[in-house]
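The values are calculated or read from the model by the stated rules, or taken from the named source; none is laboratory data. Quick caveat, the model's predicted, so the values are computed rather than measured. Every residue, glycine among them, receives a Cβ derived from its backbone with ideal geometry; neighbour counts consider all protein chains shown. In case anyone asks, the SASA skips ligands and DNA or RNA and just uses the protein heavy atoms, side chains included. Shrake-Rupley method; radii C 1.70, N 1.55, O 1.52, S 1.80 Å.
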Amino acid sequence: MEINLYNTDNLISGLEKIEIDGTLYEHLSQKCGKMFPFILSKKYLLRLEKHESEQETQYFLHSVATSLKVSERILNLDTGITTVKIQYYNGSSESSHIFDSEIFCKFGAKLLLNYGIRFEEKKSEHILQYLIKSESVAPIHRIYSTLGWSNTPNGLPFKSSHAIGGNSETASYSGSMELMPHGTLNAWEEMVRTEVLPNTPMTVVLLLGFASPILAYLNRTYDLGSIMFNLSNSSSKGKTTAAMLGASVFSCPIMNKGTMISYNATENSLVEFISSCKGHTVVLDEVTINSSRDFLRLMYTICNGRSKMRLNGDSTQKDVKDFSSIIISTAEFDLIHQNMSNGIRTRVFELRDAFTSSAENSDNIKRTVMQNYAVAGEKFIRYLIQKTEIIESDYEDSKQELMSHCMKKKELTERIISKLSVISLTLRYVKECFGFHFDESSIKEYLIEIEKEICDEASSEDDLLEIVLQEATCENKNYMKDHQLPQGRCFGNIQEQSDDYVEVQIIDTVFVNLMKKHNILDWKSRLKKLKEKNILQTESDRLYKRITLVSQLGRQKCYCFKIKTEVITIERPTPDIKSATSLADLQLDEDELF
């Protein structure tokens, strides 16, 4: 019932109330319903009042404020904080704004004045009474900004553009990424059939776009963390096109609008972004050679599965971020080299193929995914929800199948296959969900080749031994032989053990600096493996030996490697070089030894 009794000027500074008869009072009371005694017109908030005395009963209609109401309660599922959206008349038009809960106290109510809502301060109590009543009847809108599977009392919904499953379908995404479906699923599917499926490398990247929800689900039981695929080749080979295809499954594939973002950002902001995208494939586009060192640090953080523990300014601990997504990066160079830890080499995979067959093929894919995106994700999630009870057993089956195709099982094979099996399982599920006719044998062979390429590389401890051999060969002149000093700085000692072997003894600080130079962070674990192979010669409970290089200095900590004489050349010092008797002779500072 709309009531226009007087203009804004009268409302604020003129009439405060008008008397009405009992019949109108009863009529308006019924109109109020749960909001009694408040009545909301198009422009004003009014209040019914009844004054009873022995002589008579009077009925009044008071002005309270310009029109306002709580249009919805907003519950943030990530934080548990509730805010309210207030719809109001600002004197010229209707508008709305989101307020926090301070609006329900006298001080907070004054914030309404900033938005053109007008009332007298003495009526603040009535404003608060009305807002509480208005909130009680407002619908609840549940929002979130962190994506992925979410454990709730009502089940296990998957949070994307909106929550799917788990009786939480009224919740929706409130972040800045464009996740709402755009275009049609038919157009997207037709493009996949004609432009993607004939090309195995591009098909694998398509599967990466679907694999993140499966990975995130499995991470509830398994320690898989995030898995990264680097699309590394020269320009015009379809890297960015492939990355856009992967991103289009759940989001807008345009740069910095969905889950595809530029690497040109700080490490902390990238960590924050990736941790908020659990269950969604993230694309980091155009990693440059100049930023590769920073990217490697980010890669270690992501693949570790959790961010570092840090403190806030008040010494309280910051929330530790965890990661559970497929990460696609694009670069014109490989990110992985043999000196990296096995943890990285079994979580980060290089795809070096040409991903498009022609410029026309690339244009067709780009054009379609820019016009039709996030249309396949919901259908796939609804399919997955029906599979949640058997996803883990299906994953084990996929892992066993891939393992059966590995002809030579090596040290890293099982760890690599545990990650690639997520993609193999995705292949099976996407086929069942969409009816795509995949060349399954080619795709699985492609995955096995990834494993084979990594495992054919030298083991990490062999890499370290090769570095030691290079050091002893290239810096041979800086090593003592037969306890005679080199002409320059002393790095250690090379001592013959037999006709077949020598022992390269490297001073502790020299060895540690050598590891830093080659960016080897896990050198202790590699030394343990060399010790098991009887290559590293140590004291029983240590990774080093204490050796007397100079008689007056006592024993010094050295890392000692047993190396065949056939692979190292020993340069003998000239006879006139004296024996070492002091630190000065060794050209070493005391801090470098003790």
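What does DSSP give for the chain in terms of the percent of beta bridges that are antiparallel, rounded to the nearest 5?
On the way: 59 of 85 bridges.
Counting DSSP beta bridges with both partners in the chain, the antiparallel share is about 70 percent.
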Estimated vicinal HN-Hα couplings, Hz - the range 81-87 in sequence order (Karplus 6.51, -1.76, 1.60; Gly, Pro = x) | 7, 10, 10, 10, 9, 10, 9
Listed residue pairs exceeding 19 Å between alpha carbons, taken from Lys239/Lys408; Lys531/Lys562; Lys399/Lys533 = Lys239/Lys408; Lys399/Lys533
Kindly report, to the nearest 10 Å², the accessible surface of Ile98 as traced by a 1.4 Å probe over protein heavy atoms only.
-> 90 Å²
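Grab the other residues whose beta carbon is less than 9 angstrom from that of Lys17, score K and R as +1, D and E as -1, and report the net. Mind dumping the intermediate values first?
Values: positive: Arg47; negative: Glu16, Glu19, Glu49.
Residues close to Lys17 contribute a combined charge of -2.
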Ranked from the most accessible area to the least, with a 1.4 Å probe and all protein chains present, what is the order of Arg220, Arg546?
-> Arg220, Arg546
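Run the helix sum for the chain: -39,500 (n - 2.57) per DSSP H stretch of 4+ residues, divided by residue count, reported at 222 nm to the nearest 500 deg cm²/dmol. Show your work: numbers first, answer last.
On the way: 19 runs with 210 residues, N = 594.
One gets -10500 deg cm²/dmol as the mean residue ellipticity at 222 nm.
Sort the range 67-209 into rounded, prolate or oblate with this rule: let a ≥ b ≥ c be the square roots of the eigenvalues of the Cα gyration tensor; rounded if a/c is under 1.5, and if a/c is not under 1.5, prolate when a/b is larger than b/c, oblate otherwise.
Details: a/c = 3.87, a/b = 2.50, b/c = 1.55.
Here the range 67-209 falls in the prolate category.
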Taking a probe of 1.4 Å, how large is the accessible area per residue of the chain, in Å²?
-> 47 Å²
Please list, or write none, the lysines whose alpha carbon is within less than 25 Å of the alpha carbon of Lys43, excluding same-chain residues fewer than 8 places away.
-> Lys17, Lys31, Lys34, Lys69, Lys85, Lys106, Lys110, Lys122, Lys123, Lys133
Rounded to the nearest 10 Å², the accessible area of Glu272 at probe 1.4 Å | 90 Å²
Rounded to the nearest 10 Å², the accessible area of Ser53 using a 1.4 Å probe with every protein chain kept is 70 Å²
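Could you pull out the GluC sites (Glu not before Pro) across the range 342-409 that fall in loop regions by DSSP (anything but H, G, I, E, B) with no more than 15 other Cβ atoms inside 10 Å?
Details: sites: Glu350, Glu360, Glu378, Glu389, Glu392, Glu396, Glu401; in loops: Glu389.
Answer in residue order: Glu389.
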Kindly express, to the nearest 10 degrees and within the range 0 to 90, the angle between helix 391-404's C-alpha long axis and the longest C-alpha principal axis of the chain.
-> 20 degrees
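Over its Cα atoms, what ratio of radius of gyration to 2.2 N^0.38 Å does the range 174-280 give? Display every interim value, and only then the final one.
Values: Rg = 14.5 Å, N = 107, 2.2 N^0.38 = 13.0 Å.
Computed over Cα atoms of the range 174-280, the ratio equals 1.12.
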Once the Cα atoms of helix 267-276 and of the chain are each reduced to a long axis, what angle between those two axes, in degrees from 0 to 90 to the nearest 10, is obtained?
-> 60 degrees
Burial ranking of peptide ranges 440-450, 105-115, 201-211 (average Cβ count within 10 Å, highest at the top) | 201-211, 440-450, 105-115
With contacts defined as alpha carbon pairs under 8 Å and 6 or more residues apart, what's the relative contact order of the chain in percent?
-> 10 percent
Charge tally for neighbours of Glu56 with beta carbon under 15 Å away, counting Lys, Arg as +1 and Asp, Glu as -1, is -4
Which entry is the computed percent of Cα pairs over 49 Å apart for this structure: [x] 38; [y] 49; [z] 17?
-> [x]
Per-residue HN-Hα couplings for the range 188-204, Karplus 6.51 cos²θ - 1.76 cosθ + 1.60 at θ = phi - 60°, whole Hz, x for Gly and Pro?
-> 5, 5, 5, 4, 4, 5, 8, 9, 10, 4, x, 10, 4, x, 5, 5, 4
What angle, in degrees between 0 and 90 and rounded to the nearest 10, separates the Cα long axis of helix 124-137 from the longest principal axis of the Cα atoms of the chain?
-> 70 degrees
³J(HN,Hα) across the range 499-509 via Karplus (A = 6.51, B = -1.76, C = 1.60, θ = phi - 60°), whole Hz, x for Gly/Pro?
-> 5, 9, 10, 10, 10, 8, 10, 10, 4, 3, 5
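Taking 0.36 nm per residue of separation and subtracting the Cα-Cα distance, what length does fully extending Lys531 through Phe60 add? Each step should come with its number before you reach the end.
Working: separation 471, 0.36 × 471 = 169.56 nm, distance 9.44 nm.
Going from the current span to full extension adds 160.1 nm.
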Once label points are set 7 Å from the Cα along Cα→Cβ at both Ser540 and Ile98, what is their separation, rounded to one decimal in nm?
-> 6.7 nm
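Filter the trypsin sites (Lys or Arg not before Pro) in the range 42-100 down to the DSSP loop ones having no more than 16 other Cβ atoms within 10 Å, then list what survives.
On the way: sites: Lys42, Lys43, Arg47, Lys50, Lys69, Arg73, Lys85; in loops: Lys42, Lys43.
In loop regions of the range 42-100 (DSSP not H, G, I, E or B), the sparsely surrounded trypsin sites (Lys or Arg not before Pro) are Lys42.
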Roughly how many percent of the accessible protein surface of the chain is carbon and sulfur, given a 1.4 Å probe and a whole-percent answer?
-> 46 percent
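Given an 8 Å cut-off on Cα distances and at least 6 residues of separation, report the relative contact order of the range 124-170 as a percent. Provide the component values of the computation, followed by the final result.
On the way: 39 pairs, mean separation 10.4, N = 47.
RCO, the range 124-170: 22 percent.
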